1. Could you list all residues from segment 70-115 that are among the basic types (K, R) and in a strand (DSSP E or B)?
2. Which one of the conditions (1) without any contact (Cβ under 8 Å) to a residue 40 or more places away in the chain; (2) closer than 21 Å to A419 by Cα; (3) in a helix (DSSP H, G or I) does F476 fail to meet, given that it meets all the rest?
3. Under 9 Å by Cβ, and 6 or more places apart or on different chains, what pairs join a residue from segment 481-508 that is farther than 20 Å from T259 by Cα with one that is at pLDDT below 80 and buried (at least 23 other Cβ atoms within 10 Å of the Cβ)?
4. Which members of segment 442-454 meet the condition of being at pLDDT 90 or above and in contact with a strand residue (DSSP E or B) (Cβ under 9 Å, 6 or more places away or on another chain)?
5. Within segment 285-297, does at least one residue satisfy the condition of being outside the structural domain of R520 (by TED's automatic domain parsing), part of a loop (DSSP other than H, G, I, E, B), out of contact with any His (no Cβ under 6 Å at 6 or more places or on another chain) and under 26 Å from P496 (Cα atoms)?
6. In a loop (DSSP other than H, G, I, E, B) and at pLDDT 90 or above: is that true of P24 in this structure?
7. Scanning segment 550-584 for residues that are modelled with pLDDT of 80 or more and over 29 Å from R520 (Cα atoms), which turns out surrounded by the fewest Cβ atoms within 10 Å (Cβ to Cβ)?
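The values are calculated or read from the model by the stated rules, or taken from the named source; none is laboratory data. In this text the structure is predicted, and so the values were computed from the model without any measurement. In this analysis, Cβ positions are derived from the backbone assuming ideal geometry, glycine residues included, and neighbour counts consider all displayed protein chains.
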Amino acid sequence: MNSDTKYFKKLGVNSFCDLALLLPKSYENNFITKAPLLNQQNSIEVEVLNSHKSPKALSLKLFCRTWNEKLNAIIFRPSAYHLATFKVGITLHVKGKLIYSQGFTQLQQPKVLKEINTINTKYKTSIPNAMMQKLIKKYLKEDNLKKEGVGVKDIQNLLLLHFPTLDFLTTFMKDGLSKDVLRTLKYIEIRQYLKSLEKKSLKFEAKSKLEGSIESFVQSLPFELTGDQKKVIKQIQDDFKSKYATKRLIMGDVGCGKTMVILASVVMCHPKRAVLMVPTTVLAKQIYDEALKFLPLHVKSTLVVQKSKKSDDLSKFDFIIGTHALLFRELPDIDLVMVDEQHRFGTKQRVAISNLAKKGDKRVHFLQFSATPIPRTLSMMHSSLVDFSYIKELPYKKDIDTKIIRKTEFTKLLEHIKAEIEQNHQVIIVYPLVEESEVIEYQSIEEGRSFWERSFKNVYVTFGKDKNKEEILQEFSEKGDLLISTTVIEVGISLPRLTTIVLVAPERLGLASLHQLRGRVSRNGLKGYCFLYTNLQKSKRLEDFCKTNSGFDIAELDLKYREGGDMLRGIFQSGKSFEWFDMSEDIEILKEAKENLKYNAILSI
């Protein structure tokens, strides 16, 4: 491949399978057309009987040897090439569109064919078509694909796409790709993606083993941990004792008790030091309060946020909890890095976080926590990069009714809100916008707040760019009845008295975000209500959302209704999306690809 390396580099091709996935964008059929096809392209053998040039066209009389009949032909805006080529008495193979005009059949814009009874492939890539054709003919061979572990049937389908037969092309033009060929493309595409992940899945030696005992910590808790919490803590305990640095993503639904798993990890880390980074000050403070409440006294915790004193000596503490402000501090020696909702940090912040986990050739143990469960398809795809844990059990049953409502039910909604506030419960109204918009047909916070402030007492208002939002959320938690907000409250606020959330224009949000917002209510076992206030007359997506409170079911629904690439970008920040493979439908193909890659790896040992 040496002489062609520059072309492969430009195409982003690293293997024969990568090359095979660069399919032709169109096919040109140069097979001789045995019978006339009106209003279609026809390839025929002709003899030029007569020619006449006018200022705008070259008119030809032809004898079609293929069909044994005469026909007219016309070439608009002829060049010197056409005059030299279509000379009287010459015999040519030509191709053009056949039409019926004024009692005669006429071939429009005939062009000379250099080859007949062939199918010409046309590629749209970053290199010229002729060079692409040359690379395909030179490298896309059965033996080369076999060496990469591709099965016979898949090889046949791939070669057929690049070296098509007339039967294939006829079927393709009529019905598109067959199910069998489409399955091959899905399989090869996801297989290549999995292979690219394997190159990233390096194991690093751990900076240290973490072997702190947690029995006394678990026994000291005033409640029993759920089965899932215990299972995940055991998985992490086994990770920490390995000679390799942990890379684990712990996913749990809203309110599943991830904080207890975080604190158990800190105890297992002790006497080594642990750091936790979270996206908001409110959430950092909340976890800090839990740490003070539940961790053993000998495990010293501290909080680092934007307003914290930079003169504080962090080396005095065993557990450092903070926001991205941690990245601007001189941190002491660390053996465990934990991050909550990592995908909510910016790209530079994520790089800085991962750098925290590097210590020369070794790595510290690294745990990610997320309240946004990802679909099993994604989990399977990325299992070579990171280990997955799931917390599905909740410490208490969540009883939340979700209902779609419209303008006609606004009066009933008001009655419900009044009744909840009278019981000392709290309510949140989430608006899609802060200020009025001509594009969106919903009220903004600025338009709607006066109504709520007139109708209720103890109304608080905040939004994303509000500099005081965290103080307002804290004050609302203690004193408020009704909060008017944007989706800023999606993550990191504990409101034990919150029973009702109204989401205005829910169709503008992803299902994962809707679920996060709904998860703010019924945190302590109270009866909860989530109202989806929409102008849409019908929405299957919202109807499906109302049927389940499970974050894991929602993740599958979200995958069904969203582009797969969005999911990848959201959790893994890869930006990869697929042309053929469908993450919501093709899990069996994914399983097959993973099994075959394992099998080929065993054979190569």
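1. If we filter segment 70-115 for residues that are among the basic types (K, R), which is where we start, we get 70, 77, 87, 95, 97, 111, 114.
Correct list: K70, K95, K97, K111.
2. Unmet for F476, out of (1) without any contact (Cβ under 8 Å) to a residue 40 or more places away in the chain; (2) closer than 21 Å to A419 by Cα; (3) in a helix (DSSP H, G or I): (1).
3. Here the result reads L483/I489; I501/I489, each pair linking segment 481-508 to a residue that is at pLDDT below 80 and buried (at least 23 other Cβ atoms within 10 Å of the Cβ).
4. W452, E453, listed by residue number.
5. Step one: of segment 285-297, the residues outside the structural domain of R520 (by TED's automatic domain parsing) are 285-297.
Imposing the further condition that a residue be part of a loop (DSSP other than H, G, I, E, B) reduces the set to 295-297.
Checking the rest, the ones that are also out of contact with any His (no Cβ under 6 Å at 6 or more places or on another chain) come to 295-297.
Retained after the next criterion (residues that are under 26 Å from P496 (Cα atoms)): 295-296.
Within segment 285-297, one or more residues are outside the structural domain of R520 (by TED's automatic domain parsing), part of a loop (DSSP other than H, G, I, E, B), out of contact with any His (no Cβ under 6 Å at 6 or more places or on another chain) and under 26 Å from P496 (Cα atoms).
6. Numbers: in a loop (DSSP other than H, G, I, E, B): yes; at pLDDT 90 or above: yes.
Yes: the conditions hold for P24.
7. For segment 550-584, the residue satisfying everything is E579.
Yes/no per residue for (1) touching a residue at least 60 places away in the same chain (Cβ under 8 Å); (2) in contact with a Pro (Cβ under 9 Å, 6 or more places away or on another chain):
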{"site": "S216", "(1), (2)": "yes, yes"}
{"site": "T246", "(1), (2)": "yes, no"}
{"site": "R273", "(1), (2)": "yes, yes"}
{"site": "A291", "(1), (2)": "no, no"}
